[in-house]
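The values are calculated or read from the model by the stated rules, or taken from the named source; none is laboratory data. Everything numeric in this text was worked out from a predicted model, so none of it was measured. Side chains included, ligands, DNA and RNA excluded: accessible areas come from the protein's heavy atoms. Shrake-Rupley method; radii C 1.70, N 1.55, O 1.52, S 1.80 Å.
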Amino acid sequence: MNDALRVIVAANIKRYRKKMKMTQSQLAEQIGKTVEMVCQLENNIASTKLSTLESIAEVFGIEPYQLLLPREYPDYENFPPELTDLMLEIQDQPKEFLEAFTKLLRYHKKS
């Protein structure tokens with residue numbers, strides 16, 4: 001695992017663990033690892049096997065790939081259908097279109 005990805009994984013493990021109000025000890029127990037291992041993962045001192053990331057994701061109730069995302073993404077499944085349809089409709093638009101669309105939304109939010 002490269003350094004940039006380890007930083008992302010470390011931050012995500014810590015964020016999800018805190019979101020679930022778990023201690024490092026509780027997470028370690030649930031995945032069958034030591035507290036030291038969890039601490040090293042969260043502090044980007046060590047990397048781990050994919051199987052461990054799968055176990056961690058299972059404890060958090062997320063998909064393993066979500067531990068690899070650079071920031072937490074919204075759960076689109078809970079969006080209103082109209083918003084999901086709109087997002088799917090604009091997702092392949094050029095960058096300039098998306099920037100203009102975002103500015104328009106922000107303008108209307110302030111109004």
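Surface composition of the chain: carbon and sulfur atoms hold 54% of the protein heavy-atom accessible area at a 1.4 Å probe. Comparing Gln40, Gln26, Gln91 in a Gaussian network model of the chain, where Cα atoms under 10 Å apart are tied by springs, the biggest mean-square fluctuation is seen for Gln91. When the distances between all Cα atoms of the range 20-68 are binned every 10 Å from zero, what whole-number percent does each bin get? Over the range 20-68, the share of Cα pairs per 10 Å bin runs 27, 64, 10 percent. Among Phe97, Phe60, Phe79, the residue with the largest mean-square fluctuation in a Gaussian network model of the chain, with springs joining Cα atoms closer than 10 Å, is Phe97.
Which residue, Pro70, Pro94, Pro81, tops the fluctuation ranking in a GNM of the chain built on C-alpha contacts under 10 Å? Result: Pro94 has the largest fluctuation of those listed.
Using the heavy atoms of the protein chains alone and a 1.4 angstrom probe, what is the accessible area of the chain per residue in square angstrom? Could you put the intermediate results ahead of the total?
Details: 8230 Å² over 111 residues.
Averaged over the residues of the chain, the accessible area is 74 Å².
Quote the convex hull volume per residue of the chain, based on C-alpha atoms, as a whole number of Å³.
Details: hull volume 16.3 nm³, N = 111.
About 147 Å³ per residue, rounded to a whole number.
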